[in-house]
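Chemist: Take a look at this one; I'll ask things after.
Since every read-out is calculated from the coordinates, none of them should be taken as a lab result. As the structure is a computational prediction, the values presented were derived from the model and not from experiment. Here Cβ is always computed from backbone atoms with ideal geometry, including for glycine, and neighbour counts include all displayed protein chains.
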Amino acid sequence: MEITGKVVQLLPKQTGQGKNGVWEKQEYILEVPGTYPKKVCFNLWGDKIAKFAIQEGQDLTVSIDVESREYNGRWYTDVKAWNVQAAGAASPASAPAPMANPFASEAPVAGDVSASDSADDDLPF
């Protein structure tokens with residue numbers, strides 16, 4: 001899933017110690033334009049924070065995964081970003097390549113009737 005908007009706020013970086021070592025998380029507020037603009041809080045984990053180096057005021061297209069989990073009877077939802085690009089920049093992976101028509105032939109097939117050959121045809125269609 002992708003969302004496009006402007007980064008309006010960077011929240012403080014969070015770090016902690018887990019069973020697999022030290023972790024860090026950075027949250028960002030993205031304002032999605034429209035008649036009624038909406039704000040979405042998404043986050044980046046680990047080395048992706050430095051890789052994308054998001055700054056306030058940037059227009060971005062963010063590829064996200066939405067995931068919810070339950071803890072002590074309450075549900076928590078994360079919007080995790082896995083790719084970030086400047087808005088309007090198309091990624092080579094997401095731009096579909098033009099497909100060739102498998103039914104088109106370069107040479108006319110014997111028995112083919114084109115529109116110019118059937119000018120004197122009396123069929124109504």
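Chemist: Report those strands (runs of 3 or more DSSP E) wholly inside the stretch 1-81 carrying at least 2 residues which are free of Cβ contacts under 8 Å to residues at least 12 places away in the same chain.
Modeler: It comes to 14-18, 21-32, 59-71.
Chemist: Name the single residue that is surrounded by the fewest Cβ atoms within 10 Å (Cβ to Cβ) among those in the stretch 1-38 being under 20 Å from Ser63 (Cβ atoms) and among the hydroxyl-bearing types (Ser, Thr, Tyr).
Modeler: Thr4
Chemist: Within the stretch 39-49, is even one residue within 12 Å of Val79 (Cβ to Cβ) and loosely packed, with under 13 Cβ neighbours inside 10 Å?
Modeler: yes
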